[in-house]
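Down below is the structure, laid out as structure tokens.
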Amino acid sequence: MRYVILGTAGHIDHGKSALVKALTGIDPDRLKEEKERGITIDLGFADLSYPEKDLTVGIVDVPGHERLVKNMLAGAGGIDLVLLVIAADEGIMPQTREHLYICDLLKIKSGLIAVTKADLVEKDWLELVKDDIRNFVKGTFLEDSAVIAVSAKTMFNADILKEKIKEVALRVEPKPTKGLFRLPIDRVFTLKGFGTVVTGTAISGTISIEEPVEILPSNVKSKVRGLHSHGKAIKTAYAGQRVAINLQGVEKDALNRGDAVVVPERFIPSTIIDAKVEMLSDAPVLKNKSTVHFHLGTSETIARIILYGKNEIKADEECYCQYRLKDPVITVSGDRYIIRRFSPVETIGGGIILDPLSRRKSLKEGTEDLEIFETGTLDEKISAKVKKAGIHGIKVKLIEGWIKEEIPSIRESIKKLKEKAILLQFEDFLIHSAVFGSFRNTVMKMLEDFHRKNPLKPGMSKEELRAKFK
């Protein structure tokens, strides 16, 4: 079975939830307040099944209100394709633009455009709106996407849209099932007789019932008591699925949206992250050390941005940077993120995480390591990361949780680097040979100095030598 996640996007009251209900029969507006006010406030979920193709499309329906973009971002992180919804009677609106920019920054590669409420306008007007939309999406990932007029009320073209969703979903590159299991949490609730349940989109790996898990950064250890996906109990969950996990022995209040369910001993919560930032074409100037809203997966926090080699960054520019976060997050090299202006709150840019286990850089240090993390081969990236860890080295398990790659590829790369004597392994730690060589030379010089100053002593004790290196 193939699993693909589709996310809706678009302005408030353009009919996203009504369209999802028309396509699936499931009302994604689950909150009482949503039904009373007639607007989507939080994330909603549904699914489309195509049994003849062994395909299930999970749908994440997001709110369109400008004040709820942070909720939209919590749902956008795991989607494979987007359904941009634009109402025929209103056309392109502010959140149409912002949602498209967000999807572009997250590097979502495919999607469709639905022109809803087609029953409310004349045919000629509908064609004008479609032409306007085609001009609007030029230069974005939706440039060559189908634009389909549809009505959730009369079901006009609903079947055609379903078929188009199937066509696009079948072309989506599957999420890595041989990576480490990671599920950013978007909902936490309790069910009578079951206890605490978390839901989210599995973005890599697999997990089975009875397997141990960690929930980070809340630092909770648990075990998988039960699994559900698209309304059915399952024994194993795979990357690409919408998954509900029943956790053993965990209180609901101990967890939050923004936490991630992960395999144990592979991930460290990050508060200092090196990244590349890309600014939108209409973004205001962002000065070095500015405060921004930082969105990654389902998490949101405040961050200070440190620009490398610049005092400010302008619209349409990009550069390497460091984020110093108020709250820790779980991320890996290769993840995408979004930043929003601190005040007034608006999306201004985003980019790619390069080193989630960074440290504060001095002004003298260059960005050569970040260039490797962005464009290098897997061998080059792992070599550079181990070298950056210094003489203390880094555990093999932490390398597996540092980068968005499948585990067999990482292990093969480490094996090759060890065979070439680029990396040395001491128990479960990796140390770069250049770092070890430099350390050895320093020790030898220290011993030579000791012998020269103390010719009658048999040698330096290990404890004395160790103390000099703290």
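The values are calculated or read from the model by the stated rules, or taken from the named source; none is laboratory data. Every value quoted in this text rests on a predicted model; they were computed, and no experiment measured them. Cβ: placed from backbone, ideal geometry, glycine included. Neighbour counts: every protein chain shown. All accessible areas refer to the heavy atoms of the entire protein, side chains included, with ligands and DNA or RNA removed. Shrake-Rupley method; radii C 1.70, N 1.55, O 1.52, S 1.80 Å.
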For this session: Pull out the extension gain between ILE234 and THR140, defined as 0.36 nm times the separation in residues minus the alpha carbon to alpha carbon distance; nm, one decimal.
Result: 30.1 nm
Seminar exercise, completed: At R0 = 22 Å the Cβ-Cβ FRET efficiency linking THR375 and SER409, nearest 0.05, sits at 0.80
Exercise. Accessible area of MET279, 1.4 Å probe, to the nearest 10 Å²?
Worked result: 10
For this session: Return the aspartates and glutamates within reach of LYS314: Cα separation strictly under 20 angstrom, same-chain partners fewer than 8 residues apart disregarded; answer none if there are no such residues.
Result: GLU98, ASP104, ASP274, GLU278, ASP282, GLU346
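Can you give the accessible area per residue of the chain, in Å², using a 1.4 Å probe?
Values: 22570 Å² over 470 residues.
Accessible area per residue, the chain: 48 Å².
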For this session: At 1.4 Å probe size, with no ligands or nucleic acids counted, give the accessible surface of PHE189 in Å², nearest ten.
Result: 50
Exercise. Is the shape of segment 156-305 best called rounded, prolate or oblate, per the rule: a/c under 1.5 gives rounded, else a/b larger than b/c gives prolate, else oblate, with a ≥ b ≥ c the square roots of the Cα gyration tensor eigenvalues?
Worked result: oblate
Exercise. Which whole-number percentage describes the relative contact order of the chain, with Cα contacts under 8 Å and a sequence gap of 6 or more?
Worked result: 11
For this session: Express the relative contact order of segment 78-204 as a whole percentage, based on alpha carbon pairs under 8 Å and six or more residues apart in sequence.
Result: 22
Exercise. In µm²/s, what is D for segment 362-470 at 37 °C and 0.692 mPa s, where D = kT/(6 pi eta Rh) by Stokes-Einstein and Rh is the Kirkwood radius from Cα pairs?
Worked result: 206
For this session: Determine the order of LEU120, LEU170, LEU354, LEU180 by accessible area, beginning with the largest, at a probe radius of 1.4 Å.
Result: LEU120, LEU170, LEU180, LEU354
Problem set entry | Equivalent-ellipsoid semi-axes of segment 127-234, from the Cα gyration tensor, Å, largest first | 39, 18, 14
For this session: Note down the nm distance, to one decimal, between modelled labels 7 Å out along Cα→Cβ at PHE156 and at GLU52.
Result: 2.6
Seminar exercise, completed: XL table LYS178/LYS397; LYS221/LYS252; LYS395/LYS445; LYS276/LYS385; Cα-Cα > 23 Å flagged, in table order, is LYS395/LYS445
Exercise. Which whole-number percent is the relative contact order of segment 414-470 (Cα, under 8 Å, 6+ apart)?
Worked result: 15
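I'd like the carbon and sulfur percentage of the solvent accessible area for segment 109-256, probe radius 1.4 Å, heavy atoms only, ligands and nucleic acids excluded.
About 50 percent, which is the carbon plus sulfur part of the accessible surface.
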Exercise. Dipole of the chain, Cα-centred, from +1 at each Lys and Arg C-beta and -1 at each Asp and Glu C-beta, to the nearest 20 debye?
Worked result: 2280
Problem set entry | Portion, in percent, of the accessible area of segment 330-448 that falls on carbon or sulfur, probe 1.4 Å | 54
